[in-house]
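Inspection log for the structure reproduced underneath, given as structure tokens.
The values are calculated or read from the model by the stated rules, or taken from the named source; none is laboratory data. Just so it is clear, the model here is predicted, and its values are computed rather than measured. All accessible areas refer to the heavy atoms of the entire protein, side chains included, with ligands and DNA or RNA removed. Shrake-Rupley method; radii C 1.70, N 1.55, O 1.52, S 1.80 Å.
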Amino acid sequence: MFEKIANGWELMKSSAQVLRENTNLLLFPVLSGIACLFVSASFALPLFFSGAFAINGNANQVAHNPLAYVVGFAFYFCSYFVIIFFNSALVACAVIRFNGGTPTVSDGFQAAVARLPQIAAWSLVSATVGFLLKIIESRSERVGEIVSGLLGLAWGVATFFVVPVIVVEKAGPFEAMKRSMSILRRAWGEAFVGNQGIGFFIFLLAVLACIPAGLGFLMGSGIAIAIGIAITAILEIGLAIVSAALHTILLGALYVYAAEGRVPHAFEGSVLRSSFAARK
């Protein structure tokens, strides 16, 4: 456990170094978040004001309304498309940096736009799987959550390298899936272990970011509470942006190491190797 935490710390430091050298990469998760909010508003507000889902207040009727499924799937597709598009742009910039270049925001957008057909196709596949898992989860609270969680975990492992494969190799969705699984099997076997150390440190920082809000409540003043909550909200949003960038940079680094067998800039081979479990 302590070894994983130590490796996670090293991975976070290496990813942070790349981010410090290219702070413009933070723009991608910022724009992704704004675009996701726009997508949510574009679906939620018209439906709310039109009353399309207000069927006598009956939740069962809403669940069986075909329009709910159509709109729900469309929402999933648009959301996945936005996330995958900006992640692809960020991965492209990270790879440029790993190759010794100095990436710009324009480089990322150009790479993502050049792969729009592949991104759209993968968004469709991802939205279909995500929507089906959500339906499974909603069918039964406990069993559905367990089944959906296990299937989602397997899907996440199998498709771990899909976005970098699309960006670097310009592969289609199914070819990218095969390539992603092939990289894992060929390099370190089928027992891939995602190093959660970086997530552990992000969690600790997120907890610390709640201190201003806690202090505001302890002081009891309405102004102090408002200021504390505002500071915590700003810190949490900033942390979410940085976290998204770090995880995507790490994804690019793992891909370069696994697919090309070379250690990317700012990373150490021994630490990257610890992100995988050797096949027994």
Order of exposure, largest accessible area first, which applies to Met219, Met181 with probe 1.4 Å
Met219, Met181
Taking only protein heavy atoms and a 1.4 Å probe, the highest-to-lowest accessible-area order of Trp155, Trp9 is Trp9, Trp155
Ratio of alpha-carbon Rg to the 2.2 N^0.38 Å globular estimate for the stretch 72-160, to two decimals, please.
1.33
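Helix by helix through the chain, keep the DSSP H runs that span 27 Å or more along the axis on Cα and average at least 0.5 on Kyte-Doolittle, and give those back in order. Before the final figure, lay out each step's value.
Values: long enough: 2-21 (29 Å, -0.41); 27-50 (34 Å, 1.96); 66-98 (47 Å, 1.82); 116-139 (34 Å, 1.00); 222-260 (56 Å, 1.87).
Helix filter hits for the chain: 27-50, 66-98, 116-139, 222-260.
Mind checking the per residue accessible area of the chain for me, 1.4 Å probe, whole number of Å²? Provide the component values of the computation, followed by the final result.
Numbers: 14890 Å² over 280 residues.
Roughly 53 Å² per residue, with all protein chains present.
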Round to the nearest 10 and report in Å² the accessible area of Leu67, as given by a 1.4 Å probe over the protein chains' heavy atoms.
80
As a test question: what accessible area, to the nearest 10 Å², does Glu145 have when a 1.4 Å probe is rolled over all protein chains in place?
100
Of Phe86, Phe28, which has the most accessible area and how do the rest follow, probe 1.4 Å?
Phe86, Phe28
Leaving ligands, DNA and RNA out of it, report the carbon-plus-sulfur percent of the accessible area of the stretch 213-268 at a 1.4 Å probe.
77
Log entry: pair-distance distribution for the chain, C-alpha pairs binned every 5 Å from zero, whole % per bin is 1, 5, 10, 13, 15, 16, 14, 11, 8, 4, 2, 0, 0
At a probe size of 1.4 Å, how large is the accessible area of Lys134, to the nearest 10 Å²?
100
From the gyration tensor of the Cα coordinates in the stretch 111-182, what semi-axes in whole Å does the equivalent ellipsoid have, largest first, with each one equal to sqrt(5λ)?
27, 13, 7
